Amino acid sequence: MVNSFLEKLLKYYNLTYEDIIKENEDDLSSLPKKEIFKYGNQIASCLKEAILSKKKILIYGDYDCDGIMSTSILYLTLKTDDYTPGYYIPSREYDGYGLTPKNVKKFHELGYNIIVCVDNGVKTHEAIDLANSLGMEVVIFDHHKVTEELPKAKFIMHPEVDNFGEYNISAGEVTFYFSLFYLGKINYYLLSLCALSILSDAMPLLSYNRTLVKEAIKIINEKRYEQIFVLLKGNEQEINEDDLSMTVIPKINAICRLLNDDTRFSIVKYFVTSDLKVLNRLSLWINQVNEKRRFLVNNLNLSLIENSNNCVFYENKENEGIGGLIANKLLNSYAKPSFVFSKNEVDSSILKGSARSLGNYDISSILEKNANLLEAYGGHKNAGGFTIKKSNLKDFKESIVESTKDLKIEIDEDFIEISTEDLTLKNYEIYHQFAPFGEGRKKPKIKISGLNVNEIKNFVYNKHILYRFNHEASICIFNFDPKILEGSFVDVYGYLNLNIFKGIKTVQLIVNDFEIVY
């Protein structure tokens, strides 16, 4: 007889039992062959010859986690006792995204012969043409959508260009595949950095992406890499994708969101050093920057919030790099499309915009409709970025207000309904077989109906509720809304979690929403 909880999960994901068995049998040996990247061997040979010839190689990365992981993976792939490549992480404000002609000139003057672009480059024409004219060579490891003629780089390694597979992959994954060509084997630490890049760039956790993250999490727990666990503040439990996505990755992203001076390069140093003293010193620095990021996002100037009927605007007078984080916070607080306008240190006549949405309000479509008011823009349905002249801001806001005038947010409220009897460690093990969760494999929302409020009242601890059913299951409601105790029965919604305390495992439903029945 098939477990009813398993049946509900299979139905939720539209999968068969055989699908899950196969997914969990897949390991690193089942990944697509690296030879799908048709120039992988040639790029490896080219860079090896360049190193033997003592040519200077510069890795040009990006300022987000994927770019930093890609840079770190390639640095460690090329680094030997006798050779050290250079690397550069651009400033979000002063360089912007991608290789620029200004920086090509700078690196040419510094004597670099080869520039390897990671997590950028596939849309860069002017800078690469300049590099070619100066006698430099450019290699590209990228994954961004190809929408125009390819740049004239010496080599391009790209999932779309090489027809890698059905799902997009991160730049860190492209660079990790290159390491297989160059090293001739899997380096498990590089695989771990690859997994961080996949999670950070929200690649679909399906097929080969899922396999890489699943296997990397096993390896991280086995090897206990200092670079990762120090950022988890000494977490002694077995970590999962949530720990990486919610604790480690935000700390990595915080560095280049807040820092524009050369100290930002130390985030790469952190991931490529094996010196424990350096690691500990840099981990303190990373945590300090992250605390500043949290403070800025959590302490908004309320007077700068414009709360319209169906949308929210905010004028960000702090660091431009936290604009997207503020937009996310406003979206979560108001459940309305949120637009943040940040000052620009380079050009005071323009603002950098960040937009976040939910449900059926399409940010990319809205930005497209307002293209005449914008200097540049991009994004997808629920998130976007743009550049706008201050002189166009009033018209842009009016257009957004008009576009949301009759807006009714429609949100997919899929959930799995279970009983308290289903909250067992055995069922958590079944649930865990569907992990890792993320883009393309969302964590299932769980509903338990008809909890007796009088019983819940017995489990109130200060601002929290810990409603224990038995020795291995409980419902946790942190910072609970007192309204939950006003009815007789309540339906609760949340997500499953495994708690380990002093070696004892319990399964929890972490509640984030509720409905009073009567």
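Things worth noting here:
- Test: residue in segment 137-148 that is among the β-branched types (Val, Ile, Thr), at pLDDT 95 or above and open to solvent by 40 Å² or more (accessible area, probe 1.4 Å): no
- Scanning segment 478-502 for residues that are in a strand (DSSP E or B) and either open to solvent by 50 Å² or more (accessible area, probe 1.4 Å) or more than 18 Å from Leu9 (Cα to Cα) (or both) yields a count of 9.
- None of Ile363, Ile350 is in contact with a strand residue (DSSP E or B) (Cβ under 7 Å, 6 or more places away or on another chain), β-branched (Val, Ile, Thr) and under 24 Å from Lys145 (Cβ atoms) except Ile363.
- Number of the exception - Trp285 against (1) under 23 Å from Cys65 (Cα atoms); (2) surrounded by fewer than 21 Cβ atoms within 10 Å (Cβ to Cβ); (3) in contact with a strand residue (DSSP E or B) (Cβ under 8 Å, 6 or more places away or on another chain); (4) not β-branched (Val, Ile, Thr): (3)
- Filtered residues of segment 93-118 (kept if at pLDDT 95 or above and at positive phi): Gly111
- Against the numbered list (1) surrounded by fewer than 18 Cβ atoms within 10 Å (Cβ to Cβ); (2) under 30 Å from Glu410 (Cα atoms), Glu241 comes up short only at (1).
- Evaluated against (1) out of contact with any His (no Cβ under 8 Å at 6 or more places or on another chain); (2) at negative phi, Gly135 falls short on exactly one condition, (2).
- Count of segment 191-237 residues which are of a type in the set (Ser, Thr, Tyr) and within 12 Å of Leu28 (Cα to Cα): 3
- For segment 3-38, the set of residues classified as part of a helix (DSSP H, G or I), within 15 Å of Pro444 (Cα to Cα) and open to solvent by 60 Å² or more (accessible area, probe 1.4 Å) consists of Glu7, Lys8, Lys11, listed by residue number.
- Flag for Glu410 being farther than 23 Å from Phe341 by Cβ, part of a strand (DSSP E or B) and either out of contact with any Leu (no Cβ under 8 Å at 6 or more places or on another chain) or at pLDDT 90 or above (or both): no
- Those residues of segment 39-66 which are basic (Lys, Arg) and either part of a helix (DSSP H, G or I) or in contact with a Phe, Trp or Tyr (Cβ under 6 Å, 6 or more places away or on another chain) (or both), in sequence order: Lys48, Lys56
- Filtering segment 296-324 to residues that are in a loop (DSSP other than H, G, I, E, B) and either closer than 24 Å to Lys405 by Cβ or hydroxyl-bearing (Ser, Thr, Tyr) (or both) leaves Ser308, Asn309, Asn310, Cys311.
- For Glu173, the stated conditions hold: it is open to solvent by less than 20 Å² (accessible area, probe 1.4 Å), touching a helix residue (DSSP H, G or I) at 6+ places or on another chain (Cβ under 7 Å), part of a helix (DSSP H, G or I) and of a type in the set (Asp, Glu).
- Candidate set: segment 369-402, residues that are open to solvent by 50 Å² or more (accessible area, probe 1.4 Å) and hydroxyl-bearing (Ser, Thr, Tyr); chosen: the one farthest from the chain's Cα centre (by Cα): Ser391
- Options Tyr39, Tyr87, Tyr63; residue that is closer than 30 Å to Lys214 by Cβ and touching a Pro at 6+ places or on another chain (Cβ under 8 Å): Tyr63
- The one condition in (1) touching a residue at least 60 places away in the same chain (Cβ under 8 Å); (2) open to solvent by 40 Å² or more (accessible area, probe 1.4 Å); (3) under 23 Å from the mean Cα position of the chain (by Cα) that Phe415 fails to fulfil: (3)
- Val517 vs. criteria surrounded by 13 or more Cβ atoms within 10 Å (Cβ to Cβ), of a type in the set (A, V, I, L, M, F, W, C) and within 21 Å of Tyr431 (Cβ to Cβ): no
- Taking the listed residues Asn168, Asn209, the one that is surrounded by 23 or more Cβ atoms within 10 Å (Cβ to Cβ), within 16 Å of the chain's Cα centre (by Cα) and at negative phi is Asn209, with no other qualifying.
- Selection count where residues are of a type outside the set (Gly, Ala, Ser) and modelled with pLDDT under 90, scope segment 367-389: 4
- Of all the numbered requirements in (1) under 26 Å from Phe437 (Cα atoms); (2) free of Cβ contacts under 8 Å to residues at least 60 places away in the same chain, Lys336 misses one, and that requirement is (2).
- Count - residues of segment 325-361 that are part of a strand (DSSP E or B) and basic (Lys, Arg): 3
- Selection of first residues in segment 300-318 that are in contact (Cβ under 8 Å) with a residue 60 or more places away in the chain and crowded, with 17+ Cβ neighbours inside 10 Å and of second residues that are of a type outside the set (Ser, Thr, Tyr) and part of a strand (DSSP E or B), restricted to Cβ pairs under 8 Å at least 6 apart or on distinct chains, gives the following pairs, ordered by first then second residue: Cys311/Phe339; Phe313/Ile305; Phe313/Glu306; Phe313/Phe339; Phe313/Val340; Phe313/Phe341.
- Any hit, segment 187-210, residues being farther than 22 Å from Asp62 by Cα, out of contact with any Pro (no Cβ under 7 Å at 6 or more places or on another chain) and assigned to a helix (DSSP H, G or I): yes
- Residue under evaluation Leu279, criteria (1) of a type outside the set (Ser, Thr, Tyr); (2) open to solvent by 50 Å² or more (accessible area, probe 1.4 Å); (3) part of a helix (DSSP H, G or I); (4) over 20 Å from Asp26 (Cβ atoms), criterion not met: (2)
The values are calculated or read from the model by the stated rules, or taken from the named source; none is laboratory data. Since the model is a prediction, treat every value here as computed from it, not as a measurement. Please note: Cβ atoms are built from the backbone with ideal geometry, for glycine as well, and neighbour counts cover all protein chains shown. To get the accessible areas, we keep the full protein, side chains included, count just its heavy atoms, and leave off ligands, DNA and RNA. Shrake-Rupley method; radii C 1.70, N 1.55, O 1.52, S 1.80 Å.
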